[in-house]
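The values are calculated or read from the model by the stated rules, or taken from the named source; none is laboratory data. Worth saying up front: this structure is predicted, and the values here are computed from it rather than measured. Cβ coordinates were reconstructed from backbone atoms using ideal geometry, including for glycine residues, and neighbour counts include every protein chain displayed.
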Amino acid sequence: MTGPTRSGLTRGGAAIVGAAESDLGAVAALMSPIDLMAQGIVRALDDAGLTLRDVDGLFCATTQGRTSAMSLVEYLGLPNAYTDSTIVGGSSFEIHVAHAQAALEAGLCTVAVIAYGSTQRTIGRRAASAREYNPYETPFKPFLPASAYAMAASRHMHEFGTTREQLAEVAVAARDWALLNPAAWEKKPLTIEGVLNARKISDPFTVRDCCLVTDGGGAIVMTTPQRARSLRRKPVWVLGCGQSITHASISSMPDLTKTGAIESGRQAYAAAGVTAAEIDVLALYDAFTINTILFLEDLGFCPKGEGGRFVEGGRIGPKGDLAVNTNGGGLSYCHPGMYGLFLLIEAVRQVRGECGERQVADAETAIVHGNGGVLSAQATVVLGADATV
Amino acid sequence: MPAETVSPLTTYIAHLERGELAYQFSPSSNRAVFYPRLACPETGATDLEWRVSQGIGSVYATTVVHPQQGAPYNVALIDMDEGFRLMSRVEDVDPTTVAIGQRVRFRVHPAEGEEPPYPVFTPAEGA
């Protein structure tokens, strides 16, 4: 089943010109998700050399508010802003990039911000993202989302011989990157044994196979090509976008070892006119260790089933030959519940060359892959430096 | 159009109360549909037929949940021989021994208080 190419969007038809995190980790008491969105927006606009008066498009999502665009419009005092608060879990923000580009190209807005905020560590994960009752799943008490990804891992191990140690390699690589990122939550080294011997969560996962539970938020700023070229930072161009939503509940996922990233990646690569071989930096939504393996396969960095062997020997860590999740990822840097915005922030910084110790040399292209729900909503964005447009 | 008088979930639960695992068959797409719906996915056809499963299937995926308090327990996805998949658990065995490909047989977990009955599975060697 092959979907559209999203060819209505122009390659390089919009650029990301500002990016910033809000406060991360454990934020001040009684901070709200909208506080963190606003803080991220102000910082990202400052990064871009713009102010709130320039903004006429607001894109946002949080699990802690049913009408977050409305709340954000009120908070910022932007009654005439064009708004979109599509929410499909952690990949919402990659989808917002495509929607913001469409709005910019259609003239619905001229400066768009995409924002996220979460205080899930402060208020508790259950309060931050209440699970809807599903009569076909809830009685069995799956520990969601972990159990859904754990079952995908069980299938991958069964079909392809992927091992427990190979899953742990993903967590260790993320940690090694995090140790190079001053903003990362985790500060101590991690070993494969450390992953395997950690507290069990949902087999085959221990707590070290699972993303962090932190607070956090942030924003990126997008604008038109003409405006982008006149701003403070080198523009990071949106070369291609794709999305595929294959299911909502894990019991309805067609094949637990093949994700919608196959289709979303195909769309994004086609629009960008690049292949996996031409990508310098990867930002893959690592909610759980199996994610990175699945997305390396589904986005064409290794054949289906080979992901476990591919990551062995620190290949995706700082000393490896493929730069994956250079900020430390959802596993070791930050994971406030819907991590997709942070993938974009890190990819922008890598393409700009701002990443200090963890900078990938001569990074000109990045793939950003968001994941939402339980491997449900997959969305891919290919970004490029000036040389790519 | 006349209003529906019975929801898909109500019909499903009524079957479970009779000891049956029900699913739907879609003539327009020639395949089983689960969970039960008012319209067939992709075709949109509304002529979905209720059928009762023979109750035999295989474990498609499995995990053991380790709660912070209480004993570990199994959660599994079961592929039924009629061609539909559902979430459930395999009972009567150590949860860590539940294996992908294992044949399993349906039984009803009875209603408890407000909670309606739901389908669970037990090992079915040779089935």
- Message: Step by step: first the residues of the stretch A:43-56, then only those that are of a type outside the set (A, V, I, L, M) and outside any loop (DSSP other than H, G, I, E, B), then the one that is surrounded by the most Cβ atoms within 10 Å (Cβ to Cβ). Which residue is that?
- Response: A:ASP47
- Single unsatisfied condition, B:VAL59 versus (1) under 20 Å from B:GLU125 (Cβ atoms); (2) under 11 Å from the mean Cα position of the chain (by Cα): (2)
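Residue-wise test of (1) crowded, with 21+ Cβ neighbours inside 10 Å; (2) closer than 21 Å to A:ARG121 by Cα.
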position: A:LEU58; (1), (2): yes, no
position: A:THR62; (1), (2): yes, yes
position: A:SER68; (1), (2): yes, yes
position: A:VAL73; (1), (2): no, no
position: A:LEU76; (1), (2): no, no
position: A:ASN80; (1), (2): no, no
position: A:THR86; (1), (2): no, no
position: A:GLY90; (1), (2): yes, yes
position: A:HIS96; (1), (2): yes, no
- Message: Show me the strands (runs of 3 or more DSSP E) found entirely inside the stretch A:151-247 where at least 1 residues are aromatic (Phe, Trp, Tyr) and more than 14 Å from chain B (Cβ to nearest Cβ).
- Response: A:236-245
- Query: Of all strands (runs of 3 or more DSSP E) completely enclosed by the stretch B:1-102, which ones contain at least 1 residues that are within 9 Å of another protein chain (Cβ to nearest Cβ), crowded, with 16+ Cβ neighbours inside 10 Å and out of contact with any Gly (no Cβ under 9 Å at 6 or more places or on another chain)?
  - Reply: B:56-65, B:73-80, B:85-88
- Checked the stretch A:131-150 for anything facing chain B (nearest Cβ under 7 Å), in contact (Cβ under 8 Å) with a residue 40 or more places away in the chain and part of a loop (DSSP other than H, G, I, E, B); matches are A:TYR136, A:GLU137, A:PRO142, A:PHE143
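Residues are listed down the side, and each one gets a yes or a no for (1) of a type in the set (Ser, Thr, Tyr); (2) buried (at least 24 other Cβ atoms within 10 Å of the Cβ):
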position	(1), (2)
A:LEU167	no, yes
A:ARG175	no, yes
A:ALA178	no, yes
A:ALA183	no, no
A:GLU186	no, no
A:THR191	yes, no
A:LYS200	no, no
A:PRO204	no, no
A:ARG208	no, yes
- Task: Go through the stretch A:354-374 and give me each residue that's in a loop (DSSP other than H, G, I, E, B) and closer than 29 Å to A:VAL27 by Cβ.
- Result: A:GLU354, A:CYS355, A:GLN359, A:GLY373, A:VAL374
- Using the structure shown, decide if A:SER264 is within 14 Å of chain B (Cβ to nearest Cβ), out of contact with any helix residue (DSSP H, G or I) (no Cβ under 7 Å at 6 or more places or on another chain) and modelled with pLDDT of 95 or more. no
- Query: Does A:PHE288 satisfy the condition of being among the aromatic types (Phe, Trp, Tyr), within 14 Å of another protein chain (Cβ to nearest Cβ) and in contact (Cβ under 8 Å) with a residue 40 or more places away in the chain?
  - Reply: yes
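A quick yes/no check of all residues on (1) of a type in the set (Val, Ile, Thr); (2) surrounded by 24 or more Cβ atoms within 10 Å (Cβ to Cβ); (3) over 14 Å from the mean Cα position of the chain (by Cα); (4) modelled with pLDDT under 95:
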{"site": "A:GLY305", "(1), (2), (3), (4)": "no, no, yes, no"}
{"site": "A:GLY330", "(1), (2), (3), (4)": "no, yes, no, no"}
{"site": "A:LEU343", "(1), (2), (3), (4)": "no, yes, no, no"}
{"site": "A:GLN350", "(1), (2), (3), (4)": "no, yes, yes, no"}
- Query: Residues of the stretch A:57-80 being under 25 Å from A:GLN243 (Cα atoms) and not in a helix (DSSP H, G or I), which ones?
  - Reply: A:GLY57, A:LEU58, A:PHE59, A:CYS60, A:ALA61, A:THR62, A:THR63, A:GLN64, A:GLY65, A:ARG66, A:THR67
- Go through the stretch A:293-326 and count every residue that is touching a Leu at 6+ places or on another chain (Cβ under 9 Å) and assigned to a helix (DSSP H, G or I). 7
- Message: Which condition from (1) more than 10 Å from chain A (Cβ to nearest Cβ); (2) under 21 Å from A:PRO145 (Cα atoms); (3) among the polar types (S, T, N, Q) is the one that B:THR122 breaks?
- Response: (2)
- Task: For A:ALA103, state whether it is of a type in the set (A, V, I, L, M), within 23 Å of A:SER264 (Cβ to Cβ), touching a Phe, Trp or Tyr at 6+ places or on another chain (Cβ under 8 Å) and modelled with pLDDT of 95 or more.
- Result: yes
- Message: I'm trying to understand the selection: among the residues of the stretch B:108-118, which are more than 10 Å from chain A (Cβ to nearest Cβ) and either in contact (Cβ under 8 Å) with a residue 60 or more places away in the chain or surrounded by 18 or more Cβ atoms within 10 Å (Cβ to Cβ) (or both)?
- Response: B:VAL108, B:ALA111
- If we ask which residues in the stretch A:66-104 are touching a residue at least 40 places away in the same chain (Cβ under 8 Å) and within 16 Å of A:VAL221 (Cα to Cα), their number turns out to be 13
- Does the stretch A:125-137 include one or more residues that are among the acidic types (Asp, Glu) and over 20 Å from the mean Cα position of the chain (by Cα)? yes
- Query: What's the number of the condition A:ALA128 fails, among (1) in contact with a strand residue (DSSP E or B) (Cβ under 9 Å, 6 or more places away or on another chain); (2) away from chain B (no Cβ under 14 Å); (3) closer than 27 Å to B:GLU112 by Cα?
  - Reply: (3)
